[in-house]
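To keep things clear, I will list the structure first and then write my remarks on it.
The values are calculated or read from the model by the stated rules, or taken from the named source; none is laboratory data. As the structure is a prediction and not an experimental result, all values here were calculated from the model. Cβ sites come from the backbone with ideal geometry, for glycine too, and all protein chains shown count toward neighbours. Just so you know, the surface numbers come from the protein's heavy atoms only, side chains and all, with ligands and any DNA or RNA stripped out. Shrake-Rupley method; radii C 1.70, N 1.55, O 1.52, S 1.80 Å.
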Amino acid sequence: MARLVLADASPLIGLARVVGLQWLQPLFGMVWVPTEVHTEVLSGFGSPDEHSIGSALTAGWLGLCGPTPETSLLPELDEGETACIRLALVHPGASLLLMDERAGRVIAAENGLQVAGTAAVIGMARLKGLIPSAKDVFAHLHASDFRISAAVIRTILERVGEG
């Protein structure tokens, strides 16, 4: 298991939409959110996603971390992705970034970091028995206008025996 798990905004939002934030604790223990991501996901509009993320922070297993260290520029990334990668690079030991955006995932991998997206977390939750059906969760997520490619969903469903 990774010693440091850092979450970008997209997986937090996607999991909040399917009432899946609570899967993070049994899957990873403590999950950290850089201050840049915290600002992005807790915008103050009072959305259900924001309420769920705020509740996870209050519960204490989703924690705020920072400040983000200054390192070389990471091209074409938003502040949240950049913060996750920078924090992972300065912490020794295995880390895992929860990140969906392709550019961030590529740059993280180029820097030797392990990355998992929202779809992978849903697959892990299914394999751990936290949910009865990944297919149902993907359908619910899709209905919320959160998009994951059909190819990624097929891969995860095959991996968990629902393909």
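Before moving on, here are some points about what is shown:
- Label zone at Arg159, where the point sits 7 Å out along the Cα-to-Cβ direction: the range 127-143 residues whose backbone N lies under 12 Å: 127-128
- Normalised convex hull volume, the range 69-138, alpha-carbon set, Å³ per residue: 100
- With R₀ set to 45 Å, the beta-carbon distance separating His142 from Glu70 gives a calculated FRET efficiency near 0.70.
- Summed side-chain charge close to Glu76 - residues other than Glu76 whose Cβ falls under 14 Å, Lys, Arg +1, Asp, Glu -1: -3
- Helix 118-127 vs. the chain, principal-axis angle (Cα, 0 to 90°, nearest 10): 50
- Computed with a 1.4 Å probe over protein heavy atoms only, the accessible area of Phe146 comes to about 30 Å².
- Relative to the longest principal axis of the Cα atoms of the chain, the long axis of helix 48-59 makes an angle of roughly 70 degrees.
- Full extension of the chain between Ala103 and Ala150 yields a length gain of 15.0 nm, computed as 0.36 nm times the residue separation minus the alpha carbon distance.
- With contacts taken as Cα pairs under 8 Å at a separation of at least 6 residues, the range 62-163 carries a relative contact order of 19 percent.
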